[in-house]
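So the structure is just underneath, and the comments pick up after that.
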Amino acid sequence: MDDSIVKGNVVNDRVLNDGDKVFYKTYNRFPVAFDHAEGVYLYDVGDNKYLDFGAGISVCGLGYGNALLNRAMKSQIDKGLLHTSNLFYNEPAVEAAEKLTEMTGMDKVFFTNSGTEAVEGALKIARRYHFNKGKKGCEIIAMQGSFHGRSMGALSVTGKDHYREPFEPLIGGVKFAIYNDLDSVKALINENTGAIIMETFQGEGGIYPATEEFLKGVRKLCDENDLLLILDEIQCGMGRTGYLFAWQEYDVKPDVMTVAKALGNGVPIGAFLACGEAAEAMKPGDHGSTYGGNPFVCAVASAVLDVFKEADIPGHAKKMGEHLWKALEEIKEKYPDLVVDHRGKGLIQGLEFAEGVKVGEIVKKALLEQKLILISAEHNTIRFVPPLVIEREHVNEMQEKLDAVLAGLS
(Lines give C-alpha, C1' and ligand atoms only; values in the text may rest on other atoms or scores of the structure.)
Protein backbone atom coordinates (compact mmCIF):
# COMPACT_ATOMS: atom_id res chain seq x y z
CA MET A 1 0.00 0.00 0.00
CA ASP A 2 1.19 3.52 -0.81
CA ASP A 3 3.01 5.10 2.16
CA SER A 4 0.92 8.28 1.89
CA ILE A 5 -2.30 6.25 2.17
CA VAL A 6 -0.99 4.39 5.22
CA LYS A 7 0.07 7.69 6.82
CA GLY A 8 -3.32 9.24 6.02
CA ASN A 9 -5.16 6.32 7.57
CA VAL A 10 -3.03 6.54 10.73
CA VAL A 11 -3.67 10.28 11.07
CA ASN A 12 -7.37 9.83 10.38
CA ASP A 13 -7.67 7.11 13.06
CA ARG A 14 -5.74 9.21 15.57
CA VAL A 15 -7.99 12.24 15.02
CA LEU A 16 -11.12 10.08 15.32
CA ASN A 17 -9.96 8.29 18.46
CA ASP A 18 -8.72 11.45 20.16
CA GLY A 19 -11.91 13.27 19.22
CA ASP A 20 -14.08 10.56 20.72
CA LYS A 21 -12.21 10.95 24.00
CA VAL A 22 -12.68 14.69 24.34
CA PHE A 23 -15.82 15.70 22.43
CA TYR A 24 -19.26 15.80 24.03
CA LYS A 25 -21.19 13.06 22.24
CA THR A 26 -24.02 15.04 20.68
CA TYR A 27 -23.10 14.24 17.08
CA ASN A 28 -23.04 10.99 15.13
CA ARG A 29 -19.93 11.87 13.18
CA PHE A 30 -18.79 10.07 10.05
CA PRO A 31 -15.32 8.45 10.26
CA VAL A 32 -13.57 11.06 8.13
CA ALA A 33 -11.29 13.92 9.19
CA PHE A 34 -11.01 16.72 6.63
CA ASP A 35 -7.79 18.66 6.29
CA HIS A 36 -8.08 21.16 3.41
CA ALA A 37 -10.39 22.26 0.61
CA GLU A 38 -10.49 24.02 -2.73
CA GLY A 39 -13.40 25.07 -4.92
CA VAL A 40 -16.19 22.56 -4.32
CA TYR A 41 -13.95 19.74 -3.10
CA LEU A 42 -12.76 18.74 0.36
CA TYR A 43 -9.66 16.64 1.08
CA ASP A 44 -9.19 14.39 4.10
CA VAL A 45 -5.96 13.91 6.05
CA GLY A 46 -4.95 11.22 3.54
CA ASP A 47 -5.49 13.68 0.67
CA ASN A 48 -8.54 11.83 -0.67
CA LYS A 49 -10.79 14.13 -2.72
CA TYR A 50 -14.52 14.50 -1.93
CA LEU A 51 -17.19 16.26 -3.97
CA ASP A 52 -19.18 18.46 -1.61
CA PHE A 53 -22.97 18.52 -2.01
CA GLY A 54 -23.62 19.53 1.59
CA ALA A 55 -21.66 22.81 1.83
CA GLY A 56 -21.26 22.42 5.58
CA ILE A 57 -25.09 22.31 5.86
CA SER A 58 -25.70 25.14 3.38
CA VAL A 59 -22.96 27.35 4.81
CA CYS A 60 -20.17 27.43 2.20
CA GLY A 61 -22.15 29.06 -0.58
CA LEU A 62 -19.03 30.36 -2.30
CA GLY A 63 -17.18 27.09 -1.86
CA TYR A 64 -13.63 26.97 -0.52
CA GLY A 65 -10.63 29.20 -1.04
CA ASN A 66 -12.43 32.15 -2.62
CA ALA A 67 -9.67 34.71 -3.29
CA LEU A 68 -11.73 37.79 -2.37
CA LEU A 69 -12.80 36.29 0.95
CA ASN A 70 -9.26 35.21 1.73
CA ARG A 71 -8.03 38.75 1.09
CA ALA A 72 -10.75 40.21 3.30
CA MET A 73 -9.82 37.87 6.15
CA LYS A 74 -6.10 38.47 5.79
CA SER A 75 -6.52 42.23 5.54
CA GLN A 76 -8.50 42.39 8.78
CA ILE A 77 -6.08 40.05 10.55
CA ASP A 78 -3.16 42.20 9.41
CA LYS A 79 -4.83 45.21 10.98
CA GLY A 80 -4.68 43.37 14.30
CA LEU A 81 -8.32 44.26 15.04
CA LEU A 82 -10.55 41.19 15.37
CA HIS A 83 -12.72 42.36 18.25
CA THR A 84 -13.66 45.62 19.98
CA SER A 85 -17.04 44.85 21.67
CA ASN A 86 -20.23 46.66 20.78
CA LEU A 87 -19.35 49.58 23.03
CA PHE A 88 -17.74 51.02 19.89
CA TYR A 89 -18.42 51.27 16.16
CA ASN A 90 -16.35 49.45 13.56
CA GLU A 91 -16.26 50.09 9.84
CA PRO A 92 -16.69 46.49 8.55
CA ALA A 93 -19.90 46.09 10.58
CA VAL A 94 -21.34 49.33 9.23
CA GLU A 95 -20.45 48.33 5.66
CA ALA A 96 -21.99 44.85 6.02
CA ALA A 97 -25.15 46.31 7.59
CA GLU A 98 -25.52 48.87 4.81
CA LYS A 99 -25.22 46.17 2.16
CA LEU A 100 -27.71 43.89 3.91
CA THR A 101 -30.32 46.62 4.33
CA GLU A 102 -29.91 47.67 0.70
CA MET A 103 -30.29 44.10 -0.56
CA THR A 104 -33.34 43.35 1.61
CA GLY A 105 -35.11 46.68 1.97
CA MET A 106 -35.06 46.21 5.73
CA ASP A 107 -34.28 49.12 8.06
CA LYS A 108 -32.12 47.83 10.92
CA VAL A 109 -29.66 44.97 11.50
CA PHE A 110 -28.35 43.21 14.59
CA PHE A 111 -25.37 40.90 14.05
CA THR A 112 -25.22 37.63 15.98
CA ASN A 113 -22.84 34.66 16.09
CA SER A 114 -25.27 32.11 14.65
CA GLY A 115 -28.67 31.48 13.14
CA THR A 116 -30.05 30.25 16.45
CA GLU A 117 -29.10 33.53 18.09
CA ALA A 118 -30.73 35.41 15.23
CA VAL A 119 -33.99 33.57 15.92
CA GLU A 120 -33.71 34.42 19.63
CA GLY A 121 -33.43 38.10 18.74
CA ALA A 122 -36.35 37.93 16.33
CA LEU A 123 -38.57 36.42 19.03
CA LYS A 124 -37.54 39.15 21.45
CA ILE A 125 -38.48 41.81 18.89
CA ALA A 126 -41.97 40.32 18.68
CA ARG A 127 -42.42 40.30 22.46
CA ARG A 128 -40.97 43.83 22.83
CA TYR A 129 -43.07 45.21 19.97
CA HIS A 130 -46.29 44.18 21.68
CA PHE A 131 -45.04 45.01 25.19
CA ASN A 132 -44.59 48.58 23.94
CA LYS A 133 -48.29 48.52 23.04
CA GLY A 134 -49.38 47.18 26.42
CA LYS A 135 -49.61 43.48 25.54
CA LYS A 136 -47.47 41.27 27.76
CA GLY A 137 -46.40 37.71 26.94
CA CYS A 138 -47.78 37.66 23.40
CA GLU A 139 -48.29 34.25 21.84
CA ILE A 140 -46.38 33.10 18.78
CA ILE A 141 -47.60 30.84 15.99
CA ALA A 142 -44.95 28.56 14.51
CA MET A 143 -45.14 25.71 11.99
CA GLN A 144 -45.16 21.95 12.34
CA GLY A 145 -42.07 20.37 10.84
CA SER A 146 -40.03 23.55 11.25
CA PHE A 147 -36.49 23.88 12.53
CA HIS A 148 -35.22 27.15 13.99
CA GLY A 149 -32.34 26.11 16.23
CA ARG A 150 -31.46 24.38 19.48
CA SER A 151 -31.33 27.12 22.11
CA MET A 152 -34.33 27.28 24.40
CA GLY A 153 -36.18 30.04 22.57
CA ALA A 154 -35.46 28.75 19.07
CA LEU A 155 -36.31 25.24 20.22
CA SER A 156 -39.65 26.46 21.53
CA VAL A 157 -40.74 27.41 17.99
CA THR A 158 -39.24 24.32 16.35
CA GLY A 159 -42.10 22.09 15.23
CA LYS A 160 -40.60 18.71 16.01
CA ASP A 161 -41.51 16.93 19.23
CA HIS A 162 -38.37 14.80 19.40
CA TYR A 163 -36.22 17.94 19.56
CA ARG A 164 -38.38 19.71 22.16
CA GLU A 165 -39.55 17.04 24.59
CA PRO A 166 -36.24 16.30 26.41
CA PHE A 167 -35.87 19.99 27.29
CA GLU A 168 -39.37 21.01 28.31
CA PRO A 169 -40.69 23.23 29.76
CA LEU A 170 -39.63 25.68 27.09
CA ILE A 171 -40.90 29.24 26.65
CA GLY A 172 -44.69 29.35 26.73
CA GLY A 173 -47.26 30.81 24.43
CA VAL A 174 -46.26 28.92 21.28
CA LYS A 175 -48.79 27.18 19.04
CA PHE A 176 -48.10 25.14 15.92
CA ALA A 177 -50.00 25.46 12.64
CA ILE A 178 -49.70 23.22 9.60
CA TYR A 179 -47.23 24.47 7.01
CA ASN A 180 -48.94 25.51 3.76
CA ASP A 181 -52.40 25.25 5.40
CA LEU A 182 -53.73 28.79 5.83
CA ASP A 183 -56.89 27.68 7.62
CA SER A 184 -54.80 26.07 10.33
CA VAL A 185 -53.06 29.40 10.92
CA LYS A 186 -56.35 31.32 11.04
CA ALA A 187 -57.70 28.90 13.63
CA LEU A 188 -54.88 29.71 16.07
CA ILE A 189 -55.07 33.51 15.94
CA ASN A 190 -56.63 35.18 18.97
CA GLU A 191 -56.34 38.44 20.91
CA ASN A 192 -53.08 37.27 22.50
CA THR A 193 -51.28 36.38 19.26
CA GLY A 194 -48.31 38.59 18.51
CA ALA A 195 -46.30 37.02 15.70
CA ILE A 196 -46.06 34.23 13.15
CA ILE A 197 -42.67 32.65 12.54
CA MET A 198 -41.92 30.33 9.65
CA GLU A 199 -39.20 29.26 7.29
CA THR A 200 -39.86 30.56 3.80
CA PHE A 201 -38.60 27.16 2.68
CA GLN A 202 -38.34 24.26 5.14
CA GLY A 203 -34.94 22.60 4.78
CA GLU A 204 -34.32 20.39 7.81
CA GLY A 205 -38.02 19.51 7.75
CA GLY A 206 -37.72 17.67 4.44
CA ILE A 207 -37.30 20.27 1.63
CA TYR A 208 -40.72 21.93 1.48
CA PRO A 209 -41.14 25.42 -0.04
CA ALA A 210 -43.97 27.64 1.12
CA THR A 211 -46.58 28.07 -1.58
CA GLU A 212 -47.16 31.57 -2.89
CA GLU A 213 -50.79 31.41 -1.78
CA PHE A 214 -49.78 30.43 1.77
CA LEU A 215 -47.04 33.03 2.13
CA LYS A 216 -49.23 35.84 0.85
CA GLY A 217 -52.12 34.61 2.98
CA VAL A 218 -50.00 34.66 6.13
CA ARG A 219 -48.77 38.16 5.29
CA LYS A 220 -52.40 39.31 4.93
CA LEU A 221 -53.36 37.76 8.28
CA CYS A 222 -50.47 39.57 9.95
CA ASP A 223 -51.52 42.89 8.43
CA GLU A 224 -55.14 42.43 9.48
CA ASN A 225 -54.30 41.46 13.07
CA ASP A 226 -51.24 43.63 13.82
CA LEU A 227 -48.97 40.57 13.97
CA LEU A 228 -45.30 40.53 13.09
CA LEU A 229 -44.30 38.17 10.30
CA ILE A 230 -40.91 36.60 11.04
CA LEU A 231 -39.32 34.76 8.12
CA ASP A 232 -36.42 32.43 8.86
CA GLU A 233 -34.06 32.56 5.86
CA ILE A 234 -31.09 30.99 7.63
CA GLN A 235 -30.85 27.99 5.30
CA CYS A 236 -32.97 28.99 2.31
CA GLY A 237 -31.64 32.54 2.04
CA MET A 238 -28.42 33.89 0.54
CA GLY A 239 -29.16 32.81 -3.01
CA ARG A 240 -29.98 29.17 -2.43
CA THR A 241 -33.42 29.18 -4.08
CA GLY A 242 -32.25 31.29 -7.02
CA TYR A 243 -33.16 34.54 -5.27
CA LEU A 244 -31.03 36.37 -2.73
CA PHE A 245 -33.78 35.65 -0.19
CA ALA A 246 -36.60 33.21 -0.84
CA TRP A 247 -39.37 35.67 0.03
CA GLN A 248 -38.25 38.01 -2.74
CA GLU A 249 -39.57 35.60 -5.37
CA TYR A 250 -43.12 36.26 -4.08
CA ASP A 251 -42.62 39.90 -3.03
CA VAL A 252 -43.82 39.07 0.48
CA LYS A 253 -41.72 41.23 2.75
CA PRO A 254 -41.43 40.17 6.41
CA ASP A 255 -41.40 42.52 9.40
CA VAL A 256 -38.45 40.59 10.81
CA MET A 257 -36.11 38.15 9.10
CA THR A 258 -33.18 36.00 10.12
CA VAL A 259 -30.09 35.14 8.12
CA ALA A 260 -26.86 33.22 8.85
CA LYS A 261 -25.06 30.23 7.30
CA ALA A 262 -23.84 31.42 3.87
CA LEU A 263 -23.59 35.02 5.09
CA GLY A 264 -20.16 34.18 6.50
CA ASN A 265 -19.22 31.30 4.18
CA GLY A 266 -17.86 29.40 7.18
CA VAL A 267 -17.04 32.30 9.47
CA PRO A 268 -19.65 32.25 12.29
CA ILE A 269 -22.07 35.14 11.78
CA GLY A 270 -25.82 35.59 11.72
CA ALA A 271 -28.19 38.54 11.79
CA PHE A 272 -31.76 39.51 12.41
CA LEU A 273 -33.22 42.41 10.47
CA ALA A 274 -36.43 44.37 10.91
CA CYS A 275 -38.36 47.12 9.17
CA GLY A 276 -41.05 49.62 10.05
CA GLU A 277 -42.26 49.75 13.65
CA ALA A 278 -40.55 46.43 14.38
CA ALA A 279 -37.19 48.06 13.65
CA GLU A 280 -37.80 50.57 16.46
CA ALA A 281 -39.16 48.14 19.05
CA MET A 282 -35.96 47.29 20.92
CA LYS A 283 -34.48 49.77 23.38
CA PRO A 284 -30.88 50.15 24.66
CA GLY A 285 -30.16 47.27 27.01
CA ASP A 286 -32.84 44.97 25.56
CA HIS A 287 -30.37 42.79 23.70
CA GLY A 288 -26.64 42.35 23.26
CA SER A 289 -23.78 40.16 22.10
CA THR A 290 -20.16 40.08 23.14
CA TYR A 291 -18.81 38.84 19.81
CA GLY A 292 -21.67 39.64 17.44
CA GLY A 293 -20.72 42.07 14.69
CA ASN A 294 -17.01 42.11 15.41
CA PRO A 295 -14.69 43.56 12.73
CA PHE A 296 -13.35 40.20 11.56
CA VAL A 297 -16.62 38.40 10.84
CA CYS A 298 -18.20 41.51 9.36
CA ALA A 299 -15.25 42.08 7.03
CA VAL A 300 -15.88 38.58 5.69
CA ALA A 301 -19.67 39.06 5.47
CA SER A 302 -19.17 42.34 3.62
CA ALA A 303 -16.92 40.59 1.09
CA VAL A 304 -19.43 37.72 0.75
CA LEU A 305 -22.19 40.20 -0.08
CA ASP A 306 -19.95 41.86 -2.67
CA VAL A 307 -19.33 38.54 -4.41
CA PHE A 308 -23.01 37.64 -4.35
CA LYS A 309 -23.89 40.91 -6.04
CA GLU A 310 -21.04 41.22 -8.52
CA ALA A 311 -21.06 37.57 -9.65
CA ASP A 312 -24.88 37.25 -9.51
CA ILE A 313 -24.62 34.16 -7.33
CA PRO A 314 -28.43 33.81 -7.00
CA GLY A 315 -28.78 33.81 -10.79
CA HIS A 316 -26.09 31.18 -11.10
CA ALA A 317 -27.78 29.07 -8.43
CA LYS A 318 -31.05 29.27 -10.32
CA LYS A 319 -29.38 28.17 -13.54
CA MET A 320 -27.48 25.30 -11.91
CA GLY A 321 -30.64 24.37 -10.04
CA GLU A 322 -32.33 23.61 -13.34
CA HIS A 323 -29.53 21.21 -14.24
CA LEU A 324 -29.65 19.63 -10.77
CA TRP A 325 -33.42 19.18 -11.11
CA LYS A 326 -32.96 17.31 -14.39
CA ALA A 327 -30.27 15.08 -12.89
CA LEU A 328 -32.35 14.19 -9.83
CA GLU A 329 -35.42 13.54 -11.98
CA GLU A 330 -33.36 11.02 -13.95
CA ILE A 331 -32.32 9.35 -10.69
CA LYS A 332 -35.96 9.24 -9.55
CA GLU A 333 -37.12 7.72 -12.84
CA LYS A 334 -34.33 5.15 -12.85
CA TYR A 335 -35.03 3.96 -9.28
CA PRO A 336 -38.83 4.16 -8.81
CA ASP A 337 -38.76 1.50 -6.08
CA LEU A 338 -36.31 3.57 -4.06
CA VAL A 339 -37.21 7.22 -4.73
CA VAL A 340 -40.80 8.32 -4.10
CA ASP A 341 -40.60 12.12 -4.43
CA HIS A 342 -38.41 14.97 -5.62
CA ARG A 343 -38.89 18.47 -4.17
CA GLY A 344 -37.20 21.85 -4.09
CA LYS A 345 -35.86 24.61 -6.30
CA GLY A 346 -32.55 26.27 -7.06
CA LEU A 347 -29.78 24.57 -5.14
CA ILE A 348 -31.90 23.30 -2.27
CA GLN A 349 -33.52 20.09 -3.47
CA GLY A 350 -34.36 16.75 -1.95
CA LEU A 351 -35.09 13.14 -2.89
CA GLU A 352 -37.50 11.35 -0.58
CA PHE A 353 -36.90 7.62 -0.36
CA ALA A 354 -39.37 4.83 0.21
CA GLU A 355 -40.19 3.67 3.70
CA GLY A 356 -37.72 0.99 4.67
CA VAL A 357 -34.86 2.48 2.68
CA LYS A 358 -32.20 3.64 5.12
CA VAL A 359 -31.21 7.10 3.95
CA GLY A 360 -28.43 7.27 6.54
CA GLU A 361 -26.78 4.25 4.97
CA ILE A 362 -26.99 5.81 1.50
CA VAL A 363 -25.33 8.97 2.78
CA LYS A 364 -22.60 6.93 4.49
CA LYS A 365 -21.93 4.73 1.45
CA ALA A 366 -21.77 7.79 -0.79
CA LEU A 367 -19.19 9.33 1.52
CA LEU A 368 -16.98 6.31 2.11
CA GLU A 369 -17.27 4.53 -1.23
CA GLN A 370 -17.83 7.35 -3.75
CA LYS A 371 -16.25 10.30 -1.91
CA LEU A 372 -19.51 12.24 -2.27
CA ILE A 373 -20.72 14.39 0.62
CA LEU A 374 -24.51 14.39 1.08
CA ILE A 375 -26.72 15.19 4.08
CA SER A 376 -30.12 13.94 5.11
CA ALA A 377 -33.33 15.66 6.22
CA GLU A 378 -36.68 14.64 7.69
CA HIS A 379 -39.10 12.29 5.91
CA ASN A 380 -36.35 9.92 4.77
CA THR A 381 -34.98 12.59 2.47
CA ILE A 382 -31.52 13.30 1.10
CA ARG A 383 -30.84 17.02 0.91
CA PHE A 384 -28.82 18.45 -1.98
CA VAL A 385 -27.37 21.80 -0.91
CA PRO A 386 -24.00 22.15 -2.69
CA PRO A 387 -21.90 25.31 -2.84
CA LEU A 388 -23.70 27.83 -5.02
CA VAL A 389 -20.69 28.05 -7.32
CA ILE A 390 -20.98 24.50 -8.69
CA GLU A 391 -20.95 23.99 -12.46
CA ARG A 392 -22.66 21.45 -14.72
CA GLU A 393 -19.74 19.03 -14.51
CA HIS A 394 -20.12 18.87 -10.73
CA VAL A 395 -23.80 18.00 -11.04
CA ASN A 396 -22.90 15.30 -13.56
CA GLU A 397 -20.21 13.92 -11.25
CA MET A 398 -22.64 13.84 -8.35
CA GLN A 399 -25.22 12.01 -10.46
CA GLU A 400 -22.70 9.34 -11.46
CA LYS A 401 -21.58 8.78 -7.88
CA LEU A 402 -25.12 8.64 -6.48
CA ASP A 403 -26.18 6.31 -9.27
CA ALA A 404 -23.36 3.94 -8.34
CA VAL A 405 -24.56 3.82 -4.72
CA LEU A 406 -28.23 3.30 -5.61
CA ALA A 407 -27.40 0.63 -8.18
CA GLY A 408 -25.94 -1.41 -5.35
CA LEU A 409 -29.16 -1.08 -3.36
CA SER A 410 -31.64 -1.79 -6.11
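The values are calculated or read from the model by the stated rules, or taken from the named source; none is laboratory data. Keep in mind that this is a model prediction, so the values were computed, not measured. Glycine also receives a Cβ, built like all others from the backbone with ideal geometry; neighbour counts cover every protein chain displayed.
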- Query: Here are Ala303, Ala271: which of them is more than 16 Å from the chain's Cα centre (by Cα), under 18 Å from Val94 (Cβ atoms) and in the same structural domain as Gly217 (by TED's automatic domain parsing)?
  - Reply: Ala303
- Test set (1) surrounded by fewer than 17 Cβ atoms within 10 Å (Cβ to Cβ); (2) on the phi > 0 side of the Ramachandran plot - Glu361 fails condition number: (2)
- Scan region 26-68 residue by residue and report those that are free of Cβ contacts under 8 Å to residues at least 24 places away in the same chain and not hydrophobic (A, V, I, L, M, F, W, C). Thr26, Tyr27, Asn28, Arg29, Asp35, His36, Tyr41, Tyr43
- Message: If I ask for residues that are in a strand (DSSP E or B) and out of contact with any Gly (no Cβ under 8 Å at 6 or more places or on another chain), which ones from region 258-283 would you list?
- Response: Ala271, Leu273, Ala274
- Query: Taking the stated definitions as given, is Gly194 surrounded by 15 or more Cβ atoms within 10 Å (Cβ to Cβ), in a loop (DSSP other than H, G, I, E, B) and in contact with a Phe, Trp or Tyr (Cβ under 9 Å, 6 or more places away or on another chain)?
  - Reply: no
- Looking for whichever is within 24 Å of Gly217 (Cα to Cα), outside any helix (DSSP H, G or I) and either touching a helix residue (DSSP H, G or I) at 6+ places or on another chain (Cβ under 9 Å) or assigned by TED's automatic domain parsing to the domain that holds Thr84 (or both) here; the options are Asp251, Asp286. Which one fits? Asp251
- Message: List the residue pairs whose Cβ atoms are under 9 Å apart, where the first residue sits in region 384-410 and is without any contact (Cβ under 8 Å) to a residue 12 or more places away in the chain, the second is of a type outside the set (S, T, N, Q) and not in a helix (DSSP H, G or I), and the two are 6 or more positions apart or on different chains.
- Response: Ala407/Tyr335
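Residue by residue, here is whether (1) surrounded by fewer than 22 Cβ atoms within 10 Å (Cβ to Cβ); (2) within 26 Å of the chain's Cα centre (by Cα); (3) in a helix (DSSP H, G or I) holds:
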site: Glu38; (1), (2), (3): yes, yes, no
site: Leu68; (1), (2), (3): yes, yes, yes
site: Tyr89; (1), (2), (3): yes, no, no
site: Ala93; (1), (2), (3): no, yes, yes
site: Lys99; (1), (2), (3): yes, yes, yes
site: Met106; (1), (2), (3): no, yes, no
site: Ala126; (1), (2), (3): no, yes, yes
site: Ile140; (1), (2), (3): no, yes, no
- Please specify each residue of region 302-345 satisfying the condition of being farther than 17 Å from Glu397 by Cβ, among the small types (Gly, Ala, Ser) and out of contact with any Asp or Glu (no Cβ under 9 Å at 6 or more places or on another chain). Ala303, Ala311, Gly315, Ala317, Gly344
- Query: When you scan region 72-86, how many residues do you find that are loosely packed, with under 12 Cβ neighbours inside 10 Å and of a type in the set (D, E, K, R)?
  - Reply: 2
- Note on the structure: For region 355-404, the count of residues that are touching an Asp or Glu at 6+ places or on another chain (Cβ under 7 Å) and either assigned to a loop (DSSP other than H, G, I, E, B) or of a type in the set (A, V, I, L, M) (or both) equals 7
- Does Leu42 satisfy the condition of being under 20 Å from Pro295 (Cβ atoms) and under 24 Å from the mean Cα position of the chain (by Cα)? no
- Query: Tell me, which residue of region 318-337 that is within 21 Å of the chain's Cα centre (by Cα) and farther than 14 Å from Val389 by Cβ is surrounded by the most Cβ atoms within 10 Å (Cβ to Cβ)?
  - Reply: Trp325
- If you go through region 255-303, how many residues are over 24 Å from Glu224 (Cβ atoms), crowded, with 24+ Cβ neighbours inside 10 Å and of a type in the set (D, E, K, R)? 1
- Task: Scan region 280-300 and report the pairs whose first residue is under 12 Å from Ala93 (Cβ atoms) and in contact (Cβ under 8 Å) with a residue 24 or more places away in the chain and whose second residue is acidic (Asp, Glu) and surrounded by 23 or more Cβ atoms within 10 Å (Cβ to Cβ), with Cβ atoms within less than 8 Å and a gap of 6+ or a chain change.
- Result: Ser289/Glu117; Gly292/Glu117
